[in-house]
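Note sheet for the following structure.
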Amino acid sequence: MRVERVELRLIEMELKEPFETSFGREEKRPAIIVSAMGDGLVGYGECVAGSGPWYSYETVKTAWHVLSDFLIPGVLHQKFSYPEELRLPWERIRGHPMAKAGLEAAIWDLFAKAQEISLAKLLGGVKDRVASGISIGIQSNIRALLEAIERSLERGYRRVKLKIKPGWDLQIIKSVRAHFQGPLMVDANAAYSLEDLPLFKGLDELNLMMIEQPFSYEDLVDHAELQRQIRTPLCLDESIRSPEDARRALQLGSCRIINIKPGRVGGLAHAKRIHDGCQAKRVPVWCGGMLETGIGRAHNVALASLPGFTLPNDLSASDRYYRQDIIEPPFVLNSDGTLSVPQGPGIGVEVNARRLEHVTLEKRVYGAH
Ligand code: OSB
Ligand code: MG
């Protein structure tokens, strides 16, 4: 089949509550929604680049530029028999994994719809429900944090991840542990260095499931040193930008768990490759999140249905992030703390055209007549 037309939409979604991490506070989530048309079908993808170069160097503006001027021209009207073939012209384009992942996602959805199977099946998924965890941002005080944790547990989330930053770390997590002994982990978003070893020795006493990305997004060596000095597994997020990075991290002992985000690693094909490599080495993985709308969430849920995703994912219900999602039905939390994997063709959820139009700031069509 061929991709006959591509549409890009810059959207902005208002978060229900601000999300604060070690690199800042977000009140609105911009994103690029990619539609790929062919054979009378439409596939959807979401590019998770943010408003500024904090989590990654990519932003919605760099992604729009790279998609418009380099990625889309390379796939329009090209014949393909499997989505990965369309990645070939992208090999020459360095970096920009989120831009690549957004377009690739739309092509995966389009292709699965043409095959009349679910994206989950197409990727090799085996589960019909995926375990749901919640990621709680930095709060104004410990009381607010304990309340947020309480609410999450009442709703049924299977594990709690807390963001930490210098000044909001060991003491806070100790206080949390005094109230909550269940599945807990922390995510530093690269805010520390080896000089903070005593802090990590302290966290090592708190029976955490893992510590996510304590050091620089470019580092693998210092992470390996830290992992040698603590029992708690390290999990890498920002430092794993490709299947090659994953291989190197495991070889060096930089982590024992990997957080897989398709946007960060250049798309679903690479995400699956990392999963396969980890599964062969019996390294557990889970699917991370980027505060996606229902479109990106549907892709992530399909990915998380693969057998190696054995730890709870950062895949919460739609209503944890947004008052109204742009898909129907929204993702809801099952009573067992899971999200159901949609069974329909492709991503298996419908895009609400009126809602999508309502949140669109800018739109452009490629390959149209
Ligand atoms: O580090 O995992 C992260 C959100 C935006 C950017 C980076 C991260 C996150 C989250 C939220 O932790 C996870 C979610 O989407 O629920
Ligand atoms: Mg993270």
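The values are calculated or read from the model by the stated rules, or taken from the named source; none is laboratory data. Everything numeric here is computed off the predicted structure, so don't read it as measured data. A quick note on method: Cβ atoms are made from the backbone with ideal geometry, for glycine too, and the neighbour counts reach across all protein chains shown.
When you go through 81, 140, 152 one by one, which is the residue that is within 16 Å of ligand 1 (Cβ to nearest atom), out of contact with any helix residue (DSSP H, G or I) (no Cβ under 6 Å at 6 or more places or on another chain) and of a type in the set (Ser, Thr, Tyr)?
Residue meeting the stated conditions: 152.
Okay, residues lined up against (1) surrounded by fewer than 19 Cβ atoms within 10 Å (Cβ to Cβ); (2) under 19 Å from the mean Cα position of the chain (by Cα):
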| site | (1), (2) |
| --- | --- |
| 177 | yes, no |
| 187 | no, yes |
| 193 | yes, no |
| 199 | yes, no |
| 204 | yes, no |
| 220 | no, no |
| 232 | no, no |
| 248 | yes, no |
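Grab the strands (runs of 3 or more DSSP E) fully contained in region 1-70, keeping just those with 2 or more residues being surrounded by fewer than 16 Cβ atoms within 10 Å (Cβ to Cβ) and at negative phi.
5-21, 24-38
Working only within region 294-325, note down all residues that are of a type in the set (Asp, Glu) and either at pLDDT below 95 or under 14 Å from the mean Cα position of the chain (by Cα) (or both).
Looking only at region 294-325, we keep the residues that are of a type in the set (Asp, Glu), and these are 314, 319, 325.
Residue satisfying the conditions is 314 alone.
Among the residues of region 107-137, how many are under 20 Å from the mean Cα position of the chain (by Cα), touching a residue at least 12 places away in the same chain (Cβ under 8 Å) and away from ligand 1 (no atom under 16 Å from the Cβ)?
Matching residues across region 107-137 total 14.
One line per residue, one yes/no per condition, for (1) crowded, with 16+ Cβ neighbours inside 10 Å; (2) touching a helix residue (DSSP H, G or I) at 6+ places or on another chain (Cβ under 7 Å); (3) farther than 26 Å from residue 116 by Cα:
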| residue | (1), (2), (3) |
| --- | --- |
| 239 | yes, yes, yes |
| 245 | yes, no, yes |
| 254 | yes, yes, yes |
| 263 | yes, yes, no |
| 293 | yes, no, no |
| 343 | no, no, no |
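Which pairs do you get when a residue that is under 20 Å from residue 32 (Cα atoms), found in region 320-335, comes within reach of a residue that is more than 16 Å from ligand 1 (Cβ to nearest atom), reach meaning Cβ atoms under 6 angstrom, with the pair 6+ apart or on two chains?
326/352; 326/355; 326/356; 327/349; 327/351; 328/350; 328/352
Given the criteria more than 16 Å from ligand 2 (Cβ to nearest atom), out of contact with any Lys or Arg (no Cβ under 7 Å at 6 or more places or on another chain) and more than 25 Å from residue 219 (Cα to Cα), does residue 174 qualify?
Answer is yes for this residue.
Specify which of the listed residues (137, 125, 133) is modelled with pLDDT of 95 or more, farther than 30 Å from residue 174 by Cβ and surrounded by 15 or more Cβ atoms within 10 Å (Cβ to Cβ).
Values: 137 fails: farther than 30 Å from residue 174 by Cβ; 133 fails: farther than 30 Å from residue 174 by Cβ.
Going through 137, 125, 133 in turn, the sole match is 125.
So which residues in region 125-168 are among the hydrophobic types (A, V, I, L, M, F, W, C) and within 17 Å of residue 297 (Cα to Cα)?
Applying the first criterion (among the hydrophobic types (A, V, I, L, M, F, W, C)) to region 125-168 yields 126, 130-131, 134, 136, 138, 142, 144-146, 148-149, 153, 160, 162, 164, 168.
Matches in region 125-168: 130, 131, 134.
For the structure I just gave you, tell me whether residue 289 is surrounded by 24 or more Cβ atoms within 10 Å (Cβ to Cβ) and within 16 Å of ligand 2 (Cβ to nearest atom).
Taking the combined requirement at face value, the residue does not satisfy it.
Filter region 307-324 for residues that are within 13 Å of ligand 1 (Cβ to nearest atom) and over 30 Å from residue 282 (Cβ atoms); which is surrounded by the fewest Cβ atoms within 10 Å (Cβ to Cβ)? Give the derivation first.
As a first pass, look at region 307-324 and keep what is within 13 Å of ligand 1 (Cβ to nearest atom): 312-322.
From the residues that got through so far, the ones that are over 30 Å from residue 282 (Cβ atoms) too are 317-322.
Working: 317: 19, 318: 23, 319: 15, 320: 20, 321: 22, 322: 20.
The residue in question is 319.
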